[in-house]
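Here's the structure, in structure tokens; my notes come after.
Throughout, read-outs are computed from the coordinates displayed, never taken from laboratory work. Please read these numbers as outputs of a predicted model, since none were measured by experiment. Quick reminder, even Gly has a Cβ in these numbers, built from the backbone with ideal geometry, and neighbours come from all protein chains shown.
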Amino acid sequence: MSSHTQPPTQEGIHERRKADHIRINLEEDVAFKKVTAGLESYFFMHQALPELNLAQIDTATQLFGKPLKTPLLISSMTGGTAAARAINRVLAAAAQEVGIAMGLGSQRAAIEDDSLADTFRVRDVAPDIPLFANLGAVQLNYGYGLDECQRAVAMIEADALILHFNVIQEAVQPEGDGNFAGLLDKVAAVCRQLPVPVIAKEVGWGFSREAARQLANAGVAAIDVAGAGGTSWSQVEMYRAPTARHARVAGAFIDWGIPTAVSIQYCRQATSLPIIASGGIHNGIEVAKCIALGARLVGIAGDFLRAADSGGVSGVIELAETITDELRITMFGSGVPDLTTLAEMPLYTEF
């Protein structure tokens with residue numbers, strides 16, 4: 001009987017991997033062990049007399065000309081399975097309600113199997129928010145080009161395209177794509193020709209000053225640092241490793257990467273482009289610190305995934321509003337009326 005068993009299709013492999021990623025993120029400990037996002041090293045100067053009305057603190061901002069009520073992004077996570085479709089629609093409906101941005105997970109599976117496209121489509125429940133399509137940058141070395149990028153954007157009616165950079169993840173995946181040679185010119189070609197902005201995004205290991213400068217020169221419109229200190233994707237891959245050797249190699253990189261706070265500053269030194277901070281950010285005080293360090297938006301993934309899984313739309317709304325409350329009180333206690341002023345605020349490493 002086994003002689004008639006069909007090997008899994010490429011689409012089947014993608015779908016299984018996506019299901020694995022959701023399950024592992026919800027069930028396993030995939031956090032960095034020693035490395036943190038680095039934000040605990042920074043402090044605001046408390047102002048006992050802020051001369052502000054808390055009710056008038058303004059958390060509004062914009063990206064690519066689209067307004068946001070608060071500087072939050074539901075970071076790219078998933079798509080490609082029925083469970084992922086349900087999660088994406090919960091996240092998008094909540095994002096629409098609270099006026100924040102959202103990225104979709106990698107759309108490669110849907111590019112290669114159009115029947116999966118519906119697992120990414122959320123514009124009908126989120127007509128107004130900034131919505132970001134997503135493909136792996138390395139796929140530009142494996143036959144992808146402008147056409148696939150345009151298809152990803154059109155599929156979800158996106159305002160921008162994320163090209164994600166996941167060197168370590170690809171390297172520790174048995175089925176990973178490890179050829180990153182000559183990639184920058186291909187990224188630049190997409191940036192020149194795609195009619196929407198391109199966001200360069202790491203997936204949890206951060207961008208160096210040099211990488212940020214190279215990407216800015218290539219024409220990206222924003223950089224999502226996705227630094228070390230949050231979800232460790234090498235650990236996610238460790239849990240789905242097919243052999244003990246693969247698991248050991250993936251596990252060795254548990255504390256690899258540039259902490260988020262450091263990567264924000266590297267990117268700010270390298271370019272004046274909008275920076276999105278993500279990687280190990282859990283509350284509004286940390287959101288405020290990221291903006292003071294140089295970020296425009298702050299992305300959160302795992303916490304929103306768990307909120308969607310346990311509490312549905314209302315759970316995600318509750319989390320976003322709680323983080324915004326914490327941000328507003330941080331600004332109030334620092335004497336800061338709006339995000340433009342917050343971006344100029346000094347942070348302290350000691351009092």
(message) Give the separation of the Cα centroids, the stretch 73-151 to the stretch 272-351, in Å.
(response) 23 Å
(request) State the dimensionless ratio Rg/Rh of the stretch 121-235 (Rg: radius of gyration of Cα atoms; Rh: Kirkwood radius). (result) 0.96
(request) Note the angle between two axes, namely the Cα long axis of helix 10-27 and the longest principal axis of the Cα atoms of the chain, as a number of degrees from 0 to 90, rounded to the nearest 10. (result) 40 degrees
(message) Largest first, please: the extent of the C-alpha atoms of the stretch 124-187 along each principal axis, to the nearest Å.
(response) 37, 23, 16
(message) Compute the orientation-averaged projected area for the chain from the convex hull of its Cα atoms and round it to one decimal in nm².
(response) 18.2 nm²
(message) Between 0 and 90 degrees, rounded to the nearest ten: what's the tilt of helix 146-156 against the longest Cα principal axis of the chain?
(response) 70 degrees
(message) Restricting to DSSP loop positions (anything but H, G, I, E, B) with no more than 11 other Cβ atoms inside 10 Å of their own Cβ, which chymotrypsin sites (Phe, Trp or Tyr not before Pro) remain in the stretch 90-193?
(response) Tyr142
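Tell me the volume per residue, in Å³, of the convex hull enclosing the alpha carbons of the stretch 297-351. Could the numbers behind the result be given before it?
Details: hull volume 6.1 nm³, N = 55.
Once divided by residue count, the hull of the stretch 297-351 is 110 Å³.
When Rg is the radius of gyration of the Cα atoms in the stretch 260-320 and Rh is its Kirkwood radius, what does Rg/Rh come to?
Values: Rg = 13.1 Å, Rh = 12.3 Å.
Using only Cα positions, Rg/Rh for the stretch 260-320 is 1.07.
If I stretch the segment between Glu350 and Arg23 completely, what's the gain in nm (0.36 nm per residue apart, minus their alpha carbon distance), one decimal?
Details: separation 327, 0.36 × 327 = 117.72 nm, distance 4.07 nm.
Working it through step by step, the gained length comes to 113.7 nm.
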(message) Using a 10 angstrom Cβ neighbour count of at most 14 plus a DSSP loop assignment to flag exposed GluC sites (Glu not before Pro), which longest range of the chain is free of such sites?
(response) 176-343
(request) Give the calculated FRET efficiency between Thr341 and Asp128 to the nearest 0.05, with a Förster radius of 22 Å applied to their Cβ-Cβ distance. (result) 0.25
(message) Please compute the modelled spin-label separation between Lys33 and Asn141, points set 7 Å along Cα→Cβ, answer in nm with one decimal.
(response) 2.9 nm
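Over 32 Å between C-alpha atoms is what I'm after, so list which of Lys34/Lys186; Lys34/Lys289; Lys34/Lys69; Lys33/Lys201; Lys66/Lys186; Lys66/Lys289 land there. Show your work: numbers first, answer last.
Values: Lys34/Lys186 36 Å; Lys34/Lys289 21 Å; Lys34/Lys69 34 Å; Lys33/Lys201 23 Å; Lys66/Lys186 28 Å; Lys66/Lys289 23 Å.
In this structure, Lys34/Lys186; Lys34/Lys69 lie more than 32 Å apart at Cα.
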(message) Rg and Dmax in Å for the stretch 212-274, alpha carbons only: what are they?
(response) 15.2, 44
(request) Evaluate the relative contact order of the chain (contact order divided by residue number), counting alpha-carbon pairs under 8 angstrom at least 6 apart; express in whole percent. (result) 23 percent
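Determine the percent antiparallel among the DSSP beta bridges restricted to the stretch 27-342, to the nearest 5.
Values: 4 of 31 bridges.
So the antiparallel bridges in the stretch 27-342 amount to around 15 percent.
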(message) What distance in nm lies between label points placed 7 Å from Cα along the C-beta direction at Ala48 and Arg245?
(response) 6.5 nm
